[in-house]
Structures are given as structure tokens and as C-alpha cells.
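These notes are about the structure you will find just below.
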Amino acid sequence: MDMAIAWDWLKQKNFRLNDPNLHPVVAQRGWEVVFEAWRKGIYVLITQGNRTFKEQEEIYAKGRRKNPDGSWTVVNKKEIVSNAKPGESYHNYGIALDFALYTPDGKQVTWDMNTDFNKNHKKDWMEVVQMFKARGFEWGGDWRSFKDYPHVQMTFGFSIAQLKAGKRPSRPAMVVQVPEPKITDKKKEEYMIPVAKADKIIALIQAKWKEKDEQIKQYQKMWQEENAKPDKCQQKLDEYHRAAEALRKDKKELGELADEVRKVSGRRAANN
Ligand SMILES: [Zn+2]
């Protein structure tokens with residue numbers, strides 16, 4: 001599992017889930033989805049949670065003009081992003097969320113529904129949708145008209161008409177618990193060696209590797225010199241040979257060690 005994005009970073013980006021105007025159950029389930037997705041290598045950004053009536057009007061006004069009598073006229077159909085007037089969106093009651101996905105480097109936010117960043121042969125977007133649905137959310141992508149793919153909502157059985165009439169889902173007295181990785185998850189992050197440190201460790205290993213290499217060459221030279229003697233000593237030859245062999249084994253181990261360090265630091269293994 002590649003945890004490219006740190007949980008603490010993603011948690012901060014999802015500050016909208018901490019909005020006290022959000023229904024606590026929606027906030028809690030929202031955090032659970034963001035966390036579950038993070039553990040699977042999908043990085044969810046909640047782009048919208050609670051939306052005030054004023055904010056809703058600003059959104060509804062896109063592509064429309066408000067008339068003096070309060071009615072609206074469409075000016076540019078292409079600019080329209082919502083058909084919900086103030087009070088007509090579940091966002092206005094803190095019981096809807098919109099989401100998008102971060103690219104694994106955290107540098108971009110995408111609404112692409114076909115990406116499979118965690119490479120499990122499932123579309124990340126639909127994986128997230130399933131996580132929301134499993135927790136009682138309705139998905140805007142299931143609507144027959146005006147599909148709203150980044151939108152999920154929890155109606156608690158209330159229609160917009162009922163909400164407009166002043167009815168509200170009850171808010172349980174609960175403190176929203178932001179999930180935290182277990183020690184095993186944290187360890188995984190800690191095990192990663194920063195590239196700069198890894199390079200220093202590799203340099204030390206390489207110095208040792210060269211040292212062994214020099215020693216091998218010395219034994220080879222000694223072997224050759226001994227072997228050239230008319231009265232060469234077989235015992236010495238064997239001894240030099242064994243010493244060189246032992247050093248070769250050490251050298252090989254050091255090479256493997258350097259590759260290990262390269263791996264956990266994200267450096268590519270060298271072909272030596
Ligand atoms: Zn929405």
C-alpha cells in the first residue's frame with residue numbers, strides 16, 4: 001500500500017468536515033469515508049459541506065439574473081451549475097457533501113471519474129461512492145435528471161419541502177471523532193527513509209563496499225605473486241583464496257543492503 005499522502009495533510013485539507021453547521025452524523029460518516037479511502041490509497045477532498053442560503057443564491061445566480069420581483073431569468077445556460085434555489089439544496093441544511101479526488105502527489109484535484117490511482121482495477125470515484133452509500137448516503141449520480149456526480153446527501157427521511165417548512169433532522173449530542181491511523185499505519189510512514197538520509201547511508205555503504213573491493217584485489221595480487229614463486233606454498237594460496245571469497249560475500253551483502261535502503265527511500269535500485 002503506497003501512502004503517498006500523509007493522513008495529517010489530508011485531514012487539514014478536509015477542514016470543511018469540521019464545520020459545526022454540518023450535521024454531526026454526516027460529518028462523522030464523511031470522516032470515515034475520507035479515512036477508509038486514504039487507507040486504500042484514494043485521497044478524497046470534501047469540496048463542499050454546509051452551504052448558507054446566501055452562498056446557495058450565489059451559486060444559483062450563475063448563468064441567471066434575478067428580477068425585481070424575485071423571479072429568475074436564464075441568461076447563459078452553459079454557466080448554470082445548480083437548479084437549487086436557497087433552501088432547496090440539502091447542503092443548506094448541513095446534510096450534503098461534495099467531493100473530489102487528489103492526485104497521489106497531492107498537487108491536483110480531479111473530478112475525473114475514471115482514474116484508478118490505487119491500481120486495484122476499480123474506478124476510484126466509484127469506490128468512494130460505494131463507501132458513502134454503505135454509510136447511508138444517497139449519491140447524486142443516481143438521480144434521473146440533473147446528475148450530480150460529486151454530490152452525496154443524507155436526507156434522514158426529510159424532503160426539501162419539509163426542510164423548507166422548518167422541519168430538521170434531530171442532531172444527536174455527539175462529538176465527531178476524526179479517525180486516526182493505527183500504530184501499524186503510522187509505522188509504515190515512519191519506515192520510509194527520506195531520500196537525503198538514504199543517500200548518506202548509501203554513501204557509507206558504498207565506502208565499505210569499495211574497501212572490501214580493494215582488499216579482494218590485494219588478496220588476488222598476493223595469490224598471483226605466491227603462485228608465481230617456484231617454491232609456492234599451497235596452504236598460503238588456499239588461505240588467500242578463502243579470504244577473497246569471504247570478502248566477495250561481504251561485498252555482495254553490502255550491495256543488497258544499499259538496494260534495500262534505496263527501495264524504502266523511493267530511489268531506484270542500482271544494477272551492480
Ligand atoms: Zn452537492
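Taken together, the values in this text are just the output of simple stated rules run on the coordinates, not laboratory data. Everything numeric here is computed off the predicted structure, so don't read it as measured data. Note that we place each Cβ from the backbone using ideal geometry, even for glycine, and neighbour counts take in every protein chain shown.
Structure data summary
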{"item": "Interchain or long-range residues, amide H under 5 Å from T47's placed H", "result": "D98, F99, A100"}
{"item": "Loop-located trypsin sites (Lys or Arg not before Pro) in the stretch 96-140 whose Cβ has at most 10 other Cβ within 10 Å (DSSP)", "result": "K107, K119"}
{"item": "Longest site-free stretch - the chain; sites: chymotrypsin sites (Phe, Trp or Tyr not before Pro), DSSP loop, at most 13 other Cβ within 10 Å", "result": "147-272"}
{"item": "For the stretch 8-13, Karplus couplings with θ = phi - 60° (6.51, -1.76, 1.60), whole Hz, Gly/Pro x", "result": "4, 5, 5, 4, 5, 5"}
{"item": "29 Å Cα-Cα threshold exceeded, pairs from K119/K251; K119/K249; K212/K232; K107/K197; K200/K249", "result": "K119/K251; K119/K249"}
{"item": "Residue among N14, N118, N76 with the largest mean-square fluctuation in a Gaussian network model of the chain, springs linking Cα atoms under 10 Å", "result": "N76"}
{"item": "Contact order normalised by residue count of the stretch 195-265, Cα under 8 Å, 6+ apart, percent", "result": "50"}
{"item": "Whole-angstrom gap from the stretch 108-136 to the stretch 202-272, using each part's C-alpha centre", "result": "51"}
{"item": "Lys/Arg +1, Asp/Glu -1 at C-beta; the chain dipole; positive extreme among N21, I216, I202", "result": "N21"}
{"item": "Per-residue ³J(HN,Hα) for the stretch 162-173, Karplus 6.51 cos²θ - 1.76 cosθ + 1.60, θ = phi - 60°, Hz, x for Gly and Pro", "result": "5, 5, 5, 7, x, 6, 9, x, 5, 10, x, 6"}
{"item": "Backbone HN-Hα couplings from phi across the stretch 31-42 [Karplus 6.51/-1.76/1.60, Hz, Gly and Pro as x]", "result": "4, 4, 5, 4, 6, 4, 5, 4, 5, 8, x, 10"}
{"item": "Restricting the stretch 60-98 to trypsin sites (Lys or Arg not before Pro) in coil, as DSSP defines it, with at most 10 other Cβ within 10 Å", "result": "none"}
{"item": "Long pairs among K221/K252; K85/K164; K13/K122, criterion Cα-Cα beyond 18 Å", "result": "K221/K252; K13/K122"}
{"item": "Cα-centre dipole for the chain with unit charges at Cβ (Lys and Arg positive, Asp and Glu negative), debye to 20", "result": "620"}
